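To start, the structure under review is shown below, and the notes come after it.
The values are calculated or read from the model by the stated rules, or taken from the named source; none is laboratory data. Since we're looking at a predicted model, the values are computed, not measured. Using ideal geometry, Cβ is built from the backbone for each residue, glycine included, and neighbour counts are taken over all protein chains shown. When the accessible area is computed, the model is the full protein with side chains, heavy atoms only, and any ligands, DNA or RNA have been set aside. Shrake-Rupley method; radii C 1.70, N 1.55, O 1.52, S 1.80 Å.
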Amino acid sequence: TSSKWPDAAPPEGQQTIITISVGNTHLHWATHGINPSSPTEVTPYLFWRTPHISDSEMNNTNNDDNLTPVMILSRMLPDSIHEYIFGASASDSSSSNNNATEEMALEESQKRPVEKISIYVVVSNRDQLTKLQKLFSTIPSNLVVLDGDDFFKEEQGRYHGMGVDRLASLTGAVYFHGHPALVFDGGTATTYSATNSEGMVLGGGIGPGIQSKLQSMSNDTDALPDISAAEVKERVKETVNSGKPLPTFARNTKEAMMVDVPGVC
């Protein structure tokens, strides 16, 4: 569905919407409640993350008779949202007895003030978008793919090709804190984006993510070791708990690599 307003706005009477940010390795989900007396007041109340939808699931390479598109969607949902979409008669999403069906979703939708659930998607992976569209086609829903203009216009400084995920994050920062804003985002890539005091997008930078930097050092040199994401996470947790930052002048190789990695470019 087009993301142009007002066609993309949640219909009057809708109480809950779902948003999905599609990254390079995971899907980041949230549900939001809409204030009926102030429809522009939308409050997120539940967040969760799932791995990418795999080709083997979509193609059912394991020949699992129960692995239908609606079942794949069902398994990605936390219990409260699972019940909201499929009803209390469907088993919870984590159960091996999960029996959610398209018919259950249709029946449950007819109990809501607005039958179709609005799904808003920010996407940087087109393959995952295609899979999501197929999954949500199995239930009453309206899937809206947001683009750059939904956050900043070109006359506001957005350059052609600027990632919609970066623009979405920058918009969120501005909503809560106003201009000027500077957002750092760490994922597969590490990015920063900014606006000035007048609300114009200044641009930003893009560099390898932490795991990419560590892997490249290990792969492209003979002497440097491989460092897992779990090791980095554990070391960061230690520094947070102790209140002592990583030393600028590290005294062992792994710590020296970790000290240098957080740089953006």
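For the condition among the basic types (Lys, Arg), closer than 18 Å to residue 165 by Cβ and surrounded by fewer than 17 Cβ atoms within 10 Å (Cβ to Cβ), what is the one hit in 112, 126?
126
For residue 212, are the conditions met, namely being among the hydroxyl-bearing types (Ser, Thr, Tyr), at pLDDT below 95 and open to solvent by less than 50 Å² (accessible area, probe 1.4 Å)?
So residue 212 fits the description; yes.
Quick check on the stretch 242-251. Is at least one of its residues open to solvent by less than 50 Å² (accessible area, probe 1.4 Å), within 30 Å of residue 154 (Cα to Cα), of a type outside the set (D, E, K, R) and outside any helix (DSSP H, G or I)?
No: zero hits.
Quickly run through the stretch 31-62 and pick out the residues that are of a type in the set (A, V, I, L, M) and under 16 Å from residue 73 (Cβ atoms).
53, 58
Pick out, from the stretch 48-123, the helices (runs of 4 or more DSSP H) lying fully within it that include 1 or more residues that are modelled with pLDDT under 90.
Helices (runs of 4 or more DSSP H) meeting the threshold: 55-59.
Name the residues in the stretch 26-49 that are exposed (fewer than 14 other Cβ atoms within 10 Å of the Cβ) and in contact (Cβ under 8 Å) with a residue 12 or more places away in the chain, would you?
36, 44, 45, 47, 48, 49
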